[in-house]
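Heads up: the structure comes next, in structure tokens.
The values are calculated or read from the model by the stated rules, or taken from the named source; none is laboratory data. Just so we're clear, the structure is a prediction, and the values are computed from it rather than from any experiment. No Cβ is skipped: glycine too gets one built from the backbone with ideal geometry, and neighbour counts run over all protein chains shown. Just so you know, the surface numbers come from the protein's heavy atoms only, side chains and all, with ligands and any DNA or RNA stripped out. Shrake-Rupley method; radii C 1.70, N 1.55, O 1.52, S 1.80 Å.
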Amino acid sequence: MNDSPITPPPVVLSTWSHGLPANRAGLAVLRGSGPHRSALDAVEAGCNVVELDCPDMTVGLGSRPDRDGRVTLDAAVMQGDGRAGCVAFVQGVAHPISLARLVMERTPHVLLVGEGAEQFARECGINVAAPKLSPAAEQQWRAWLAERKYAPKINIENHDTISMLALDAQGSMAAGSTTSGLAYKMHGRVGDSPIIGAGIFVDAPIGGAICTGLGETVLRTLGALLAVEAMRAGATPQEACEHAIERIIAKNPNPENYQVGMLTLDFSGHTGAYAVQKGFNYALQEELLEARSRFH
Ligand code: GLY
């Protein structure tokens, strides 16, 4: 018995309040009449919106940098048929989610990182800009340098990713995630978002899961895979989120110091949402909702 109402396809589900403009763009794709209206097109279009305009400075080139003052970006896409593409530690690319899609569609690989990913971007005709911080990011980074204290604030500096699930009218599901990761991370650090099974996972005909939050905790547990496998074993999308979050808490000490939010979707349009801490909001279609959480 499922414990969330069915949302009839097309369905879009995204992390945080920046999921609202992402979902609007995704729904416009899925409800449109143009040639590009698959779940994957919707995820790419939705993530592209936030990559260009993320007031939280956690996605795209306007993000807060790492501790060396570089904005390094991670992204991934996955389809229900198992195809996936990811990029990590990429600099100067405005739309890493689109580059991740090109890795899936034009290479025999799943993950390209750093200079190799940037070289591939140029080969695809994508501009790779010289490193440059936005004025706001530069100001915040310089203020952070005064103390150099690495202690991300829950739901603020951990508020770090647009992850998105879409189910189209043809019954195809796709997931995507794009992020600059944690503010002031070590140069070279990669989080869960571009790692298949960690930040995102989709498997037809079971469902999909996406994560946001402190990537190290999700990497240690392959959080998205945990949730999809729970659904395969018979859990509802909500139960699957709760199961995966409990495992993340069990394997990562001091949960009061981190946030992880998880969203799930099955092929019938049932959804799940759960988080470690209060404060994880998400967008289902054009509505902003607050997830239940383990701690309040
Ligand atoms: N969840 C995104 C990151 O930790 O990089």
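Would you mind finding the one in ALA42, ALA28 that is open to solvent by 30 Å² or more (accessible area, probe 1.4 Å), modelled with pLDDT of 95 or more, assigned to a helix (DSSP H, G or I) and over 19 Å from VAL87 (Cβ atoms)? Spell out how you get there, then give the answer.
Values: ALA42 fails: open to solvent by 30 Å² or more (accessible area, probe 1.4 Å).
ALA28 is the lone residue from the list that is open to solvent by 30 Å² or more (accessible area, probe 1.4 Å), modelled with pLDDT of 95 or more, assigned to a helix (DSSP H, G or I) and over 19 Å from VAL87 (Cβ atoms).
From (1) in contact (Cβ under 8 Å) with a residue 12 or more places away in the chain; (2) over 23 Å from ALA183 (Cβ atoms), pick out the condition that doesn't hold for ARG67.
Only one criterion in (1) in contact (Cβ under 8 Å) with a residue 12 or more places away in the chain; (2) over 23 Å from ALA183 (Cβ atoms) is unmet by ARG67, namely (2).
Could you identify the single residue in THR221, THR212, THR179, THR217 that is free of Cβ contacts under 8 Å to residues at least 40 places away in the same chain, polar (S, T, N, Q) and within 16 Å of the ligand (Cβ to nearest atom)?
Working: THR212 fails: free of Cβ contacts under 8 Å to residues at least 40 places away in the same chain; THR179 fails: free of Cβ contacts under 8 Å to residues at least 40 places away in the same chain; THR217 fails: free of Cβ contacts under 8 Å to residues at least 40 places away in the same chain.
Criteria check complete, one pass: THR221.
Please state which one of LEU226, LEU284 is within 19 Å of the chain's Cα centre (by Cα) and over 21 Å from HIS18 (Cβ atoms).
On the way: LEU284 fails: over 21 Å from HIS18 (Cβ atoms).
The match here is LEU226.
Do the conditions hold for VAL71, that is, is it aliphatic (A, V, I, L, M), farther than 29 Å from GLY207 by Cα and open to solvent by less than 20 Å² (accessible area, probe 1.4 Å)?
Against the criterion (aliphatic (A, V, I, L, M), farther than 29 Å from GLY207 by Cα and open to solvent by less than 20 Å² (accessible area, probe 1.4 Å)), VAL71 qualifies.
Condition check: touching a residue at least 12 places away in the same chain (Cβ under 8 Å), surrounded by 24 or more Cβ atoms within 10 Å (Cβ to Cβ) and of a type in the set (Asp, Glu). Does GLU105 satisfy that?
Details: touching a residue at least 12 places away in the same chain (Cβ under 8 Å): yes; surrounded by 24 or more Cβ atoms within 10 Å (Cβ to Cβ): no; of a type in the set (Asp, Glu): yes.
No: the conditions fail for GLU105.
Checking the structure you have, find out if any residue of the stretch 173-180 is modelled with pLDDT of 95 or more, under 25 Å from PHE295 (Cβ atoms) and crowded, with 24+ Cβ neighbours inside 10 Å. Walk me through how you get there before you give the answer.
Narrowing the stretch 173-180 to residues modelled with pLDDT of 95 or more: 173-180.
Applying the additional criterion that residues be under 25 Å from PHE295 (Cβ atoms) yields 177, 179.
From the residues that got through so far, the ones that are crowded, with 24+ Cβ neighbours inside 10 Å too are 177, 179.
Yes: one or more hits.
For the stretch 252-266, which positions are assigned to a helix (DSSP H, G or I) and either of a type in the set (Asp, Glu) or crowded, with 21+ Cβ neighbours inside 10 Å (or both)? Lay out the reasoning, then the answer.
Looking only at the stretch 252-266, we keep the residues that are assigned to a helix (DSSP H, G or I), and these are 255-257.
GLU256, the sole residue that qualifies.
If a residue has to be open to solvent by 30 Å² or more (accessible area, probe 1.4 Å) and within 21 Å of LEU222 (Cα to Cα) to count, how many in the stretch 268-291 make the cut?
Number of matching residues: 0.
Name the residue that is nearest to the ligand (Cβ to nearest atom), counting only residues in the stretch 184-204 that are open to solvent by less than 10 Å² (accessible area, probe 1.4 Å) and in a loop (DSSP other than H, G, I, E, B).
Looking only at the stretch 184-204, we keep the residues that are open to solvent by less than 10 Å² (accessible area, probe 1.4 Å), and these are 185, 191-194, 197-200, 202.
Then keep just the ones that are in a loop (DSSP other than H, G, I, E, B); that gives 185, 191-194, 197-199.
On the way: LYS185: 8, GLY191: 2, ASP192: 5, SER193: 5, PRO194: 9, GLY197: 14, ALA198: 9, GLY199: 6 Å.
Within the stretch 184-204, the match that is nearest to the ligand (Cβ to nearest atom) is GLY191.
Just checking, does the stretch 154-171 include any residue being within 30 Å of PRO5 (Cα to Cα), of a type in the set (D, E, K, R) and without any contact (Cβ under 8 Å) to a residue 40 or more places away in the chain?
no
Every residue, every condition in (1) modelled with pLDDT of 95 or more; (2) in a loop (DSSP other than H, G, I, E, B); (3) small (Gly, Ala, Ser); (4) open to solvent by less than 10 Å² (accessible area, probe 1.4 Å), yes or no:
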site	(1), (2), (3), (4)
ILE162	yes, no, no, yes
LEU182	no, yes, no, yes
CYS211	yes, no, no, yes
VAL228	yes, no, no, yes
GLY234	yes, yes, yes, no
GLU242	yes, no, no, no
ILE245	yes, no, no, yes
ALA250	yes, no, yes, no
